[in-house]
Amino acid sequence: MDFDFQTIAFLGFAAVAAIAALATIAARNPVHAVLWLVLTFFSVACTWIVGGVEFLGIALVLVYVGAVMVLFLFVVMMLDMDKAPIRQGYVRYLPIGLLVAVAMLLEMLALIGVRSAAQAPLADNAAVASGIPNTNWLAHALFTDFMLPFEVAAVILTVAVVAAVMLTLRRREGTRHQNPSEQVRVRAAERVRMVKMAAETPVVDGQAGEGA
């Protein structure tokens with residue numbers, strides 16, 4: 001196999017993605033795990049772009065890296081978890097954040113160099129062979145030839161979302177929970193409580209006022 005710069009870059013992106021994925025599941029700090037997962041998604045997007053699937057790569061960066069994972073990071077940092085107390089500030093996460101940022105910057109520079117030097121995709125591109133845009137070919141293949149795997153993946157993601165919600169609903173001491181059944185059964189008379197108490201006047205010239 002002829003290892004040119006494009007192939008070496010592809011293997012490098014894949015290696016970084018594998019290492020970052022292992023760091024994600026091995027990290028004890030949840031914030032560090034999210035940062036490593038951001039690097040994993042970004043590295044996988046770079047491999048897709050090098051392989052000629054630009055739409056999937058850009059979608060992965062915009063949707064997951066730019067929106068979903070950033071939202072996960074904010075949620076994890078806002079949670080008062082024992083392993084990562086929020087009161088210690090963001091300084092403790094700065095080394096891992098800088099490492100991930102530098103790795104993403106190097107990957108972007110390498111990707112720019114690969115795309116500027118490459119004359120053709122890394123492998124045979126079915127979209128180019130068909131003579132249609134990459135997005136059109138992907139949509140047609142996804143909803144025709146791969147319709148069943150696409151639906152199965154949607155079901156798996158739905159089950160994962162439901163499972164994540166159920167895990168977050170566990171009862172813990174010191175937390176407040178809503179009871180929808182009691183909220184539905186509440187009556188209008190129970191919403192307002194009238195309290196009658198004597199009025200007091202403020203102290204003037206050292207003498208307390210008389211109660212009303």
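Things to note:
- Among the residues examined, Ala127 does not qualify as modelled with pLDDT of 70 or more and small (Gly, Ala, Ser).
- Selection from the stretch 1-26 of residues that are crowded, with 16+ Cβ neighbours inside 10 Å and under 19 Å from Val102 (Cα atoms): Ala9, Phe10, Gly12, Phe13, Val16, Ala17, Ala20, Ala21, Ala23, Thr24
- You will find that of Pro149, Pro121, Pro133, the residue that is more than 25 Å from the chain's Cα centre (by Cα) and at pLDDT 70 or above is Pro133 and no other.
- Number of residues in the stretch 73-112 that are modelled with pLDDT of 65 or more and assigned to a loop (DSSP other than H, G, I, E, B) equals 0.
Residue-by-condition table, conditions (1) assigned to a helix (DSSP H, G or I); (2) more than 23 Å from Ile8 (Cβ to Cβ); (3) at pLDDT 90 or above; (4) of a type in the set (Phe, Trp, Tyr):
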site: His32; (1), (2), (3), (4): yes, yes, no, no
site: Leu37; (1), (2), (3), (4): yes, yes, no, no
site: Thr40; (1), (2), (3), (4): yes, no, yes, no
site: Cys46; (1), (2), (3), (4): yes, no, no, no
site: Leu56; (1), (2), (3), (4): yes, no, no, no
site: Leu60; (1), (2), (3), (4): yes, no, no, no
site: Val63; (1), (2), (3), (4): yes, yes, no, no
site: Gly66; (1), (2), (3), (4): yes, yes, no, no
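- Residues being within 24 Å of Trp137 (Cα to Cα) and in contact with a Leu (Cβ under 8 Å, 6 or more places away or on another chain) - total across the stretch 43-76: 11
The values are calculated or read from the model by the stated rules, or taken from the named source; none is laboratory data. These numbers come from a predicted model, not from an experiment. Positions of Cβ are generated from backbone atoms using ideal geometry, with glycine treated the same way; all protein chains shown enter the neighbour counts.
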